[in-house]
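The values are calculated or read from the model by the stated rules, or taken from the named source; none is laboratory data. Please read these numbers as outputs of a predicted model, since none were measured by experiment. Every residue, glycine as well, gets a Cβ built from its backbone with ideal geometry; the counts of neighbours run over all protein chains shown. Accessible surface areas use protein heavy atoms only, side chains included; no ligands, DNA or RNA. Shrake-Rupley method; radii C 1.70, N 1.55, O 1.52, S 1.80 Å.
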Amino acid sequence: MSKNLNTSFEGQVALVTGSAQGIGATIAQYLKESGVIVHLTDIDRSGLEATAKKLSLDYTVTDLGVRDDVHTLLGGVVQEHQRLDILVHAGGGVCGQVGRAITEIMPEDWHIIFKANVDAAFWLAQAASPIMAKAGYGRIVHIASGAGLRPSLTGIQAYTAAKHALVGLTKQLSLEFGKSGVTCNAIAPGFVISNPSTKRQWEAMGEEGQQKLMKNIHSGRLGTPEDIAHAVMFFASIESSWINGQILSVDGGRS
């Protein structure tokens, strides 16, 4: 006998990283509108404060690449709410970089992108997983990228490598946490203009590059933050309990 879907988030607690703007902010808004108690975090103080004010949500400015800061952040959220049901890591990105020849890349260029995208995801999972496992329930959702599945349109070598690493980490965490009722999945967005960096990337393509990209998108349009948030809401729901270690391309069919 089939059951009607009953996706209820009332009373659940979520932490959304990278929520100062764009995709992360939209995910936070969707979760809040679904009854979730949402805590925001980002390294961008001004953007985070603006989003928190707009959505009337609590926030903490955090460098997620620093292990102790991440554990302090998670500890504070759990101390206040006594639970953590959903963790969405939408932080990371290109860290203000643009595509350059590999011979021009310095160690700090390489490491800062890994710190924001991969180190952060690892420390977040390390801090969140014992809390979720103890409750017997949890949803971890990473915002990866199409660059984690193929070469990146950004031309940034570290970004491509970091997103591939995030895909691998997602699969490994799903194995380690699955039996405790905690799932770990990732969204691989296509091209979404959601912040100043992606706007610059779009403009840098020029008209010819933009047209070439659009021809490869089956749906005939660029993505929106809302498109990504819809997918996150499913992975965050109870209905996704037997979906684990998956990377969902949300890219209008480009993949």
- Query: Taking the stated definitions as given, is residue 109 acidic (Asp, Glu), farther than 29 Å from residue 239 by Cα, in a helix (DSSP H, G or I) and touching a residue at least 12 places away in the same chain (Cβ under 8 Å)?
  - Reply: yes
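Yes/no matrix, rows are residues, columns are (1) over 21 Å from residue 230 (Cα atoms); (2) modelled with pLDDT of 95 or more:
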| residue | (1), (2) |
| --- | --- |
| 130 | yes, yes |
| 139 | no, yes |
| 145 | no, no |
| 151 | yes, no |
| 155 | yes, no |
| 166 | no, yes |
- Item | Selection from segment 150-182 of residues that are open to solvent by 10 Å² or more (accessible area, probe 1.4 Å) and in contact with a Ser or Thr (Cβ under 7 Å, 6 or more places away or on another chain) | 151, 152, 159, 160, 174, 177
- Task: Quickly run through segment 58-72 and pick out the residues that are under 17 Å from the mean Cα position of the chain (by Cα) and assigned to a helix (DSSP H, G or I).
- Result: 70
- Note on the structure: Expected output for segment 57-72 (first residue over 17 Å from residue 116 (Cβ atoms), partner assigned to a strand (DSSP E or B), Cβ below 6 Å, 6+ apart or cross-chain) is 57/38; 57/40; 58/39; 59/40
- Residues being closer than 12 Å to residue 124 by Cα and among the hydrophobic types (A, V, I, L, M, F, W, C): count how many of those fall in segment 53-83. 5
- Query: Restricting attention to segment 84-109, and to residues there that are under 20 Å from the mean Cα position of the chain (by Cα) and open to solvent by 50 Å² or more (accessible area, probe 1.4 Å), which single residue is nearest to residue 138 (Cα to Cα)?
  - Reply: 95
- State whether one or more residues within segment 154-166 are hydroxyl-bearing (Ser, Thr, Tyr), touching a Pro at 6+ places or on another chain (Cβ under 9 Å) and in a helix (DSSP H, G or I). yes
- Only residues that are assigned to a loop (DSSP other than H, G, I, E, B) and over 28 Å from residue 177 (Cα atoms): list them for segment 211-245, please. 216, 217, 218, 219, 220, 221, 222, 224
